[in-house]
1. Scanning for something closer than 16 Å to Val101 by Cβ and of a type in the set (Lys, Arg), does region 1-21 turn up at least one residue?
2. Take the conditions buried (at least 21 other Cβ atoms within 10 Å of the Cβ), farther than 16 Å from Arg98 by Cβ and charged (D, E, K, R) and apply them to Asp30. Does it pass?
3. Can you list residue pairs whose Cβ atoms sit under 8 Å apart, with the first residue in region 150-178 being within 16 Å of Ala118 (Cβ to Cβ) and open to solvent by less than 90 Å² (accessible area, probe 1.4 Å) and the second being modelled with pLDDT under 75 and part of a helix (DSSP H, G or I)? Count only pairs 6 or more apart in sequence or on different chains.
4. If I filter region 193-252 down to residues being among the aliphatic types (A, V, I, L, M) and open to solvent by 60 Å² or more (accessible area, probe 1.4 Å), which single residue comes out as modelled with the highest pLDDT?
5. Among the residues of region 24-45, write down those that are touching a residue at least 40 places away in the same chain (Cβ under 8 Å) and either closer than 24 Å to Ala92 by Cβ or under 18 Å from the mean Cα position of the chain (by Cα) (or both).
6. Within region 93-148, count every residue that is under 16 Å from the mean Cα position of the chain (by Cα), open to solvent by 80 Å² or more (accessible area, probe 1.4 Å) and of a type outside the set (D, E, K, R).
Amino acid sequence: MARIRVLVVDDHRIFAESLAAALAAEPDVDVSAAGSGPAALRALERAAAEGRGYDVLLVDAELGALAAGGAHAVPVHRQEETGVVDGISLVAGVSSGRPAVRSVVLAEKDDPRAAARALQAGASGWVAKDCSLQRLLAVIRGVLRDETHLPPALLTGVLRELTAARKHRTESERLVESLTPREREVLRCMVAGLGRKAVAERLFLSPHTVRTHMQNVLGKLGVHSTLAAVALARRAGVGPAERPLGDVVERGGQLAQ
């Protein structure tokens, strides 16, 4: 009998251990639990190195909220700094780095917007935490057959969110295309979190020129802050410029080496 290897990722210890114990009672399921995003990533790496990778990840939709003091998500560029990885970012990272692993998000409530974000990140399913064990097992086996599982009550809302996201992405792409090649370089540096001094050194420009480029970027994108420009750029699929060691990063409006 082929065994399914499952990793439960939830920072509510009692829930994680109870779910793992229930799944472990199934004859074809091997299960482990991780209490945080970083712990899950370490477990995935360890299992892959041992040649017995996981098949399915069951991820808490609110992962990281406890460690982040109630915040729903820690920005990707701060996860290493804080040691917190939110559920959607974990799904995205696993989907990108380990595409053979299927991710299913476990949620306490139906949330079309969060479910749409999970699917966009690469999740194969969204399941209520209070669903029956048999339902969860059906989803686990289903996603391994490349099925996508959503509660019927969420389907209309999720489709609406995905359609809106596609529209916003198209509009964002159009705005980014209006930038000059140099302005796009500056925008990629902004996405990477580089401060004005670092951008100037990277692009061999004066700080004054960089400031002008940044103002032009904000104006053409129709936003009023660097944060908003970065959010729009990410919607358009603009990736960050690679940041060498020693670059100046902008944090909370201040510059830090």
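The values are calculated or read from the model by the stated rules, or taken from the named source; none is laboratory data. All values reported here derive from a predicted model rather than from experimental measurement. When we count neighbours, we look across all protein chains shown, and the Cβ atoms used for this are built from the backbone with ideal geometry, even at glycine. Please note that ligands, DNA and RNA were not included when accessible areas were found on the heavy atoms of the full protein model with its side chains. Shrake-Rupley method; radii C 1.70, N 1.55, O 1.52, S 1.80 Å.
1. yes
2. Working: buried (at least 21 other Cβ atoms within 10 Å of the Cβ): no; farther than 16 Å from Arg98 by Cβ: yes; charged (D, E, K, R): yes.
No.
3. Close Cβ pairs satisfying both conditions: Leu150/Val158.
4. Our first condition is that a residue be among the aliphatic types (A, V, I, L, M); within region 193-252, this holds for 194, 198-200, 203, 205, 210, 214, 217-218, 221, 223, 227-233, 236, 238, 241, 245, 248-249.
Applying the additional criterion that residues be open to solvent by 60 Å² or more (accessible area, probe 1.4 Å) yields 227, 245.
Values: Leu227: 82, Leu245: 41.
The selected residue is Leu227.
5. Selection gives Ser36, Gly37, Pro38, Ala40, Leu41, Leu44.
6. Total satisfying the criteria: 3.
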